[in-house]
Amino acid sequence: QVHLVESGGGLVQPGGSLRLSCAVSGEFVNIALMGWYRQAPGKQRELVASITRSSITNYPDSVKGRFTISRDNAKNTVYLQMISLKPEDTAVYYCKFSAPGRVYWGQGTQVTVSS
């Protein structure tokens, strides 16, 4: 069984920071394309960060310079460091594991940016 468990979400004021974690069991994160996605109410799920097996990262313009994805192979965990958070970053954040022939998602963690 493969499990992805996100944590670290919560309520933060605009301009604040959060670090999300995605702990993976049953697979190794260093063999996969790992991604963080988010989905706001009434909107489609969108990619906010990804990291390849060779540690190449990718971000959409909306979060570039504010979000950083990283991977700790020893802990089999992927992180999303978010700074300068804005109200429009409010969403449920999901972790995704992709490898040939298989894709797994976590259950999501809520991030709310509000004063």
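The values are calculated or read from the model by the stated rules, or taken from the named source; none is laboratory data. As the structure is a prediction and not an experimental result, all values here were calculated from the model. Using ideal geometry, Cβ is built from the backbone for each residue, glycine included, and neighbour counts are taken over all protein chains shown. The protein model used for the area step is the full one, side chains on, heavy atoms only, and it has no ligands, DNA or RNA in it. Shrake-Rupley method; radii C 1.70, N 1.55, O 1.52, S 1.80 Å.
So here's what we get for this one:
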| item | result |
| --- | --- |
| The chain - percent relative contact order, Cα under 8 Å, separation 6 or more | 37 percent |
| Semi-axis lengths (Å, descending) of the ellipsoid that matches the C-alpha gyration tensor of region 47-111 | 21, 14, 12 |
| In sequence order, calculated HN-Hα J values of region 6-15 (Karplus, 6.51, -1.76, 1.60; Hz; x Gly/Pro) | 8, 7, x, x, x, 9, 9, 6, x, x |
| Accessible-area composition of the chain, carbon plus sulfur, in percent [1.4 Å probe] | 50 percent |
| Counting all C-alpha pairs of the chain, share separated by more than 17 Å (%) | 49 percent |
| For region 12-67, alpha-carbon Rg and Dmax in angstrom | 13.1, 36 |
| Dipole in debye (nearest 20) - the chain, about Cα centre, beta carbon charges: Lys, Arg +1; Asp, Glu -1 | 120 debye |
| Ranked by how many other beta carbons lie within 10 Å on average, peptides 104-115, 76-87 from highest | 76-87, 104-115 |
| Per residue accessible area in Å² of the chain, where ligands, DNA and RNA are left out and the probe is 1.4 Å | 53 Å² |
